[in-house]
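The values are calculated or read from the model by the stated rules, or taken from the named source; none is laboratory data. In this text the structure is predicted, and so the values were computed from the model without any measurement. Here the Cβ is made from the backbone with ideal geometry for all residues, glycine too, and neighbour counts use every protein chain on show.
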Amino acid sequence: MTPGTYVRLRRVKAGWKRSELAIIIAATPDDRPAIEEELRAIEADHIIENRRRVAQIANQIDLDFDIYLALVGFAQDPGSELPCPRICTGCGCTWDRPCTAKDGLCGWRDNHHDRCTACPPALD
């Protein structure tokens, strides 16, 4: 998973639009369009690493900054032998930051190892 995909999944899971995050993050209304475009670039992986901006996002939504940094490391060094964290491809939750399902905290699907139990199975 790329850093931008992780940021997008967590934003969508939190129910935020990029424009809404830009309003919260911007120092002035004039800053909003540039920040919204920057958020779009981060999520599209045109900007691989932007610690300051992603830290601001993490203050607003449930985004694990350490997971983001690990994904940045993998993007910068694909040959790294560090273990990749297990991340749900539906919502971006992780084993140490599970999302809440109807029955409590989510788990991992047996037959769809990349999806948590709160997300529908991936279409094959």
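Mind checking which residues of region 57-68 are exposed (fewer than 15 other Cβ atoms within 10 Å of the Cβ) and within 15 Å of residue 3 (Cα to Cα)?
62, 65, 66
Which of the residues spanning region 73-124 are surrounded by fewer than 14 Cβ atoms within 10 Å (Cβ to Cβ), of a type in the set (D, E, K, R) and over 18 Å from the mean Cα position of the chain (by Cα)?
Once the filter is applied, which keeps residues that are surrounded by fewer than 14 Cβ atoms within 10 Å (Cβ to Cβ), of a type in the set (D, E, K, R) and over 18 Å from the mean Cα position of the chain (by Cα), region 73-124 yields 77, 81, 102, 103, 110, 124.
So residue 67 ticks every box in (1) in the same structural domain as residue 19 (by TED's automatic domain parsing); (2) within 29 Å of residue 25 (Cα to Cα); (3) free of Cβ contacts under 8 Å to residues at least 60 places away in the same chain but one. Which box is left unticked?
Every condition holds for residue 67 apart from (3).
Could you list, in sequence order, all residues of region 100-115 that are touching a Lys or Arg at 6+ places or on another chain (Cβ under 7 Å) and closer than 15 Å to residue 10 by Cβ?
none
Right, residue 57: aliphatic (A, V, I, L, M) and in contact with a Phe, Trp or Tyr (Cβ under 8 Å, 6 or more places away or on another chain) or not?
No; evaluated as a whole, the condition is false for this residue.
Of all residues in region 17-46, which are surrounded by fewer than 18 Cβ atoms within 10 Å (Cβ to Cβ), under 15 Å from residue 61 (Cβ atoms) and either small (Gly, Ala, Ser) or under 12 Å from the mean Cα position of the chain (by Cα) (or both)?
19
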